[in-house]
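Student: Quick one: structure below, then a few questions.
The values are calculated or read from the model by the stated rules, or taken from the named source; none is laboratory data. If you're wondering where the values come from, they're calculated on a predicted model, not measured in any experiment. So basically every Cβ, Gly included, is an ideal-geometry build from the backbone, and we count neighbours across all protein chains shown. Quick note on the areas: whole protein, heavy atoms, side chains included, nothing else; ligands and nucleic acids left out. Shrake-Rupley method; radii C 1.70, N 1.55, O 1.52, S 1.80 Å.
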Amino acid sequence: MDFKDYYQTLGVARDATAEDIKKAFRKLARKYHPDVSKEADAEARMKDVNEAYAVLSDSEKRAAYDQLGQGHHPGQDFRPPPDWQPDFRAPPGRGYSQAETADFSDFFAELFGRTGGARAPGPDFQARGQDQHAEVLIDLEDAFNGAARQISLRVPKLDDKGRIALDSRTLNVKIPKGVREGQMIRLAGQGGAGFGDAPAGDLLLEIHFKPHPRFRIDGRDLYLTLPVAPWEAALGGVVPVDLPDGGQLKVRIPEGAQNGRQLRVRGKGIPSDPPGDLLLDLRVVLPAAETPRARELYETMARELAFDPRAETGV
Amino acid sequence: MRDDEILTGAILEDSCLTLDQLAGACAVSPDWVRVHVEEGLLMNQDGDGNGEWRFTRRELWRARHLHRLERDFDASPELAALVADLLEELESLRARLQRAGLR
């Protein structure tokens, strides 16, 4: 396990005051806030910054970290002493959700994650386990065909000495057909363990789609840019469209369709109940006038069609 | 549970989270949620008919942002709500760009 230099992460000296640490953290939080940051690795950087701040902003954790970290350098192999059993009253990361602290490094988990606010409760103590939250990234195709996804979680669990340990587990979860962006799947009893005879909490999975190379997704509806030839647009025609479920759709282009026109195919979006629509944005693509024959055809049109595309714009 | 067992869950409909579930998902106290709803900073549905508050995933997203902004910058709840409003606006404009195939 690599040693992490939290002071270096925040860019402060080892004797920095609490105020300096807060100031440095806010500066970095503004720089790497995932909602607005233009930095490529903003999310990963913000996670590091949060982890460093969770430790250095808490005087008990900071003292323990200083004591353990004496003489260590970042990246150097690090093992906490075998008798390392800090007794913190605060939860692993004050103000940070379980999902956030579970995402912190192994170094953090080893030092602070093993101990929780809840010390071994008495034998009569009963409480339902906490609900856990996780995100699952799926492909659009999964919403069409249904799928099984493997997800890895780190969940707090009481060990045999009554301390809270972070436990890694892998679950196979069914992704139901028709699922939409942002929806939640509830897996009853798969969250944190309960105390005493109380039941475990639930696991709530938030569904997110990976970007698709062809389709754009909005709720139940799908958007697709459909390139058409000028004669398909002008004369009308039937154009094949490949669907995410592997099927194919034949779409009728109405005669006289213009570039930018939107066609709605009802019921061909995400197959939820009711199903969404497929919206096709027509994009007329002109053939290049690269060959003498192609030039001749364009010249014939120019000569024989009384067409002024700017007639109505007054240009 | 066997390793190869496939778990099947239930899809939660919109406006489904209870106050405690929302608080748990954001690592805040139920009181934090109550105060933000009462101050009009976090809107909620009328409830399930029994007077119990229910929250949509939209509000979960908003509550997480409000909490992060208040925590990371010591922002006042009103200022955090203003930033969350702007982020929501940004999000909806980005979604429009995406639908139009412009990004």
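Student: Evaluate the following for A:D277: is it at pLDDT below 95 and closer than 30 Å to A:I175 by Cβ? Working first, answer last.
Tutor: Numbers: at pLDDT below 95: no; closer than 30 Å to A:I175 by Cβ: yes.
No, not satisfied.
Student: May I ask you to verify whether A:V228 is surrounded by fewer than 18 Cβ atoms within 10 Å (Cβ to Cβ) and among the aliphatic types (A, V, I, L, M)?
Tutor: Details: surrounded by fewer than 18 Cβ atoms within 10 Å (Cβ to Cβ): no; among the aliphatic types (A, V, I, L, M): yes.
For A:V228, the condition - surrounded by fewer than 18 Cβ atoms within 10 Å (Cβ to Cβ) and among the aliphatic types (A, V, I, L, M) - is not met.
Student: While we're here: Check whether at least one residue in region B:52-63 is more than 8 Å from chain A (Cβ to nearest Cβ) and modelled with pLDDT of 90 or more, and report yes or no.
Tutor: yes
Student: Another one. Among the candidates A:V179, A:V155, which residue alone is at pLDDT 80 or above and either crowded, with 18+ Cβ neighbours inside 10 Å or more than 10 Å from chain B (Cβ to nearest Cβ) (or both)?
Tutor: Values: A:V155 fails: at pLDDT 80 or above.
Testing whether each residue is at pLDDT 80 or above and either crowded, with 18+ Cβ neighbours inside 10 Å or more than 10 Å from chain B (Cβ to nearest Cβ) (or both) leaves just A:V179.
Student: Determine whether region A:256-266 contains at least one residue that is aliphatic (A, V, I, L, M) and within 14 Å of chain B (Cβ to nearest Cβ).
Tutor: First, pick out the residues of region A:256-266 that are aliphatic (A, V, I, L, M): A:257, A:263, A:265.
In the following step, the residues that additionally are within 14 Å of chain B (Cβ to nearest Cβ) were identified as none.
Among the residues of region A:256-266, not one is aliphatic (A, V, I, L, M) and within 14 Å of chain B (Cβ to nearest Cβ), which makes the answer no.
Student: Looking only at region A:158-176, count every residue that is at pLDDT below 80 and either surrounded by fewer than 16 Cβ atoms within 10 Å (Cβ to Cβ) or touching a Lys or Arg at 6+ places or on another chain (Cβ under 9 Å) (or both) and tell me the total. Can you show your working first?
Tutor: Of region A:158-176, the ones at pLDDT below 80 are A:158-168.
Subsequent filtering for residues that are either surrounded by fewer than 16 Cβ atoms within 10 Å (Cβ to Cβ) or touching a Lys or Arg at 6+ places or on another chain (Cβ under 9 Å) (or both) retains A:159-168.
Number of matching residues: 10.
Student: Would you check which residues across region A:13-35 are in a loop (DSSP other than H, G, I, E, B) and either surrounded by fewer than 13 Cβ atoms within 10 Å (Cβ to Cβ) or outside the structural domain of A:A63 (by TED's automatic domain parsing) (or both) and list them? First the steps, then the outcome.
Tutor: Within region A:13-35, the subset in a loop (DSSP other than H, G, I, E, B) is A:13-17, A:33-35.
Across region A:13-35, the qualifying residues are A:A13, A:R14, A:D15, A:T17.
Student: Only one of (1) more than 13 Å from chain B (Cβ to nearest Cβ); (2) part of a loop (DSSP other than H, G, I, E, B); (3) out of contact with any Pro (no Cβ under 7 Å at 6 or more places or on another chain) fails for A:L286. Which number is that?
Tutor: (3)
Student: What pairs can you find where one residue is in region B:70-96 and under 15 Å from B:L41 (Cβ atoms) and more than 10 Å from every other protein chain (Cβ to nearest Cβ), the other is assigned to a helix (DSSP H, G or I) and among the basic types (K, R), and their Cβ atoms are less than 8 Å apart, with a gap of 6+ or different chains?
Tutor: What qualifies is B:E88/B:R62.
Student: Picking from A:A198, A:A188, A:A193, which residue would you name as being of a type in the set (A, V, I, L, M), within 12 Å of chain B (Cβ to nearest Cβ) and over 29 Å from A:A289 (Cα atoms)? Quick ask: steps written out before the conclusion?
Tutor: Details: A:A198 fails: within 12 Å of chain B (Cβ to nearest Cβ); A:A193 fails: within 12 Å of chain B (Cβ to nearest Cβ).
Of the residues listed, the single one that is of a type in the set (A, V, I, L, M), within 12 Å of chain B (Cβ to nearest Cβ) and over 29 Å from A:A289 (Cα atoms) is A:A188.
Student: On the given criteria, is A:G276 open to solvent by less than 90 Å² (accessible area, probe 1.4 Å), within 30 Å of the chain's Cα centre (by Cα) and in contact (Cβ under 8 Å) with a residue 40 or more places away in the chain?
Tutor: Details: open to solvent by less than 90 Å² (accessible area, probe 1.4 Å): yes; within 30 Å of the chain's Cα centre (by Cα): yes; in contact (Cβ under 8 Å) with a residue 40 or more places away in the chain: yes.
Yes, satisfied.
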